[in-house]
1. Exactly one of these conditions fails for Thr128: (1) in contact with a strand residue (DSSP E or B) (Cβ under 7 Å, 6 or more places away or on another chain); (2) modelled with pLDDT of 90 or more. Give me its number.
2. Answer yes or no: is there a residue in region 305-313 that is modelled with pLDDT under 85, touching a Lys or Arg at 6+ places or on another chain (Cβ under 7 Å) and buried (at least 17 other Cβ atoms within 10 Å of the Cβ).
3. Can you tell me how many residues in region 38-86 are buried (at least 17 other Cβ atoms within 10 Å of the Cβ) and among the acidic types (Asp, Glu)?
4. For region 176-214, enumerate the residues that are modelled with pLDDT of 85 or more and among the small types (Gly, Ala, Ser).
5. Among the residues of region 338-366, write down those that are under 16 Å from Ile401 (Cα atoms), within 24 Å of the chain's Cα centre (by Cα) and buried (at least 18 other Cβ atoms within 10 Å of the Cβ).
6. Exactly one condition in (1) at pLDDT 85 or above; (2) exposed (fewer than 13 other Cβ atoms within 10 Å of the Cβ); (3) in a helix (DSSP H, G or I) is not met by Gly123; state its number.
7. Given the criterion of a type in the set (Gly, Ala, Ser), in contact (Cβ under 8 Å) with a residue 60 or more places away in the chain and at negative phi, identify the matching residue among Ala385, Ala393.
8. Can you pull out every residue in region 396-418 that is touching a Pro at 6+ places or on another chain (Cβ under 7 Å), in contact (Cβ under 8 Å) with a residue 60 or more places away in the chain and either surrounded by fewer than 17 Cβ atoms within 10 Å (Cβ to Cβ) or over 16 Å from Pro325 (Cα atoms) (or both)?
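The values are calculated or read from the model by the stated rules, or taken from the named source; none is laboratory data. Treat the numbers as computed from the prediction; the structure is a model and nothing was measured. Here the Cβ is made from the backbone with ideal geometry for all residues, glycine too, and neighbour counts use every protein chain on show.
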Amino acid sequence: MNTLVPWSRPGRLWRAACHVNLGLVMGILTFSLTITFLALSFGLLVTFFLALPAIWMLFTLARGLAKIERSRARALMGVDIADPIPPLTRPGWIGRLAERARSGPRWREIAYNLALLPVGVIGYALSTVAWSGSLAMVTMPFVVDHLPGDSAKFYFFELTSGPGTIGAAAVGVAGLLFVAPWVTLAAAKVQASMASGLLGPSTDEVLVQQVSRLETSRTAAVDSAEAERRRIERDLHDGAQQRLVALAAGLGAAREKFDDDPEQARAMVSDAHEEAKAALTEIRDLVRGIHPVILEDRGLDAALSAIVAKSPVPVALDVQIADRPPAAIESAAYFIVNEALTNVARHASATRAYISIARAGDRLVVEIRDNGKGGADPTGGTGLAGMRERVTALGGNMYVISPPGGPTTISVELPCGS
C-alpha cells in the first residue's frame, strides 16, 4: 500500500472510503440483530426449549452476516478471507445446533458482529472529522468575513481574516492531500484486519487444514502410484507377456520340426517373427504410456496433437503456454487429457470435443468439454476418480460439470510455479 501518496491510486482510496462508510451501516445492523438474539437466547435459557429457536436464529444470522462481511472485504479491500467453518455433520437439527454451539469460529463471527459497531463508529468519526475539518480549513479565507464577529473560533485558537486564514488553508490542503486519505485508509485497514482475524481461520486452524491437505495429497499420490503399478502389471500380463509365451512355445515347436518338416518349421518361425514384432509394439506402447518420448522432446502441444489425431471423436485443441511447466505437471496434464478423451470416446456419445490449456499465473488450467450425453460421475468407474487422484496428489483442483443430457466440462487446475 503506497501511503506516502494516497491520491496516486484514487480507486483504492474511494474503495477504502466506501468500506469505512459501509462499516458504520453494517455495524449498526450486525450489532442490533446480534445483541437482540443474544439477549433473547440468554434470557430464555431458563425455559431452554423456548431458547432453542432464538439460539438457532443467532447462529444463522451470524453466519449470513459474516458471509456478507467477507464479500465486502474482498470486493472493496481485496482481502480474501477463507471460510473456516466446515459443513455440519451431525444428524437432526438439535445435533446440528449443538455442533454450532461448540464451534469456535461461529462464536468469533458473533464477536465480530458485536465489535463492528464500535470499530465502525470510530473509523467513520475519524474519517469524517479529517475530511470535513480539512475542507473547512481550505474554505476559511473565503468565509471568515461572513461569520459572526468576522472570526472562526476553534477549541484552542481563533482565526480572523489575514495571514492566519491563509495558513489555515495551507493546513487544510495538506489535510485533504495526506491526512484525511491516510486516516481513511488506516480505518479501512483496521476493519479489514479485524475481519481477517475474527472471520478467517486461526493459525491453528490453518495448520490443521494444511496438514489435512498434505495427508490427502500423500494418500492420493500413493493410491495413484499403486493404480499405475497395477495397470502396468496388467498390461504386461495380458499383452506382451502372453505374446512372449506364445513366441517361446512357437519357437520350441519349430525347433522340433526342423528335421522332419522344414517347410512347416519355416512357417512357424515366420509366425514367431510376427509375434515378436507384435510383442515389441505392445512394449513400446506401454513404455510410451508411462512417459511419451514426444512429450519429453517436443512438449505438451505436440504430444496432445498426436493424441487428438488418433481420437475417433473430432477434437479442437488450443494450447497457450509460453514456457513449459515442470515435467510432473506436464505429464499429469498429458495423461488427464488422454484419459478424458478415452472417456469421451467410450461413454459420452459425443460428436465434438474441445481442449484448452493455458497458463494463469502460477496455475496450469486444463479444460476438456464435449457435447455428449452428460451424466459423468467420478464414482461411476469412468476414469474420473483416477484423474482426481492424480490432480489431488499434485496439489491441484478438479471440477466436473456434467448434467444429464450434457454437455460435460472437466476443469483442472495444476500448480506450476510462478
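1. (1)
2. No.
3. Residues in region 38-86 being buried (at least 17 other Cβ atoms within 10 Å of the Cβ) and among the acidic types (Asp, Glu): 1 in total.
4. Matches in region 176-214: Ala180, Ala186, Ala187, Ala188, Ala192, Ser193, Ala195, Ser196, Gly197, Gly200.
5. Across region 338-366, the qualifying residues are Ala340, Ile355, Val365, Val366.
6. Unmet condition: (2).
7. Values: Ala385 fails: in contact (Cβ under 8 Å) with a residue 60 or more places away in the chain.
Result of the check over Ala385, Ala393: Ala393.
8. Answer for region 396-418, where residues must be touching a Pro at 6+ places or on another chain (Cβ under 7 Å), in contact (Cβ under 8 Å) with a residue 60 or more places away in the chain and either surrounded by fewer than 17 Cβ atoms within 10 Å (Cβ to Cβ) or over 16 Å from Pro325 (Cα atoms) (or both): just Gly417.
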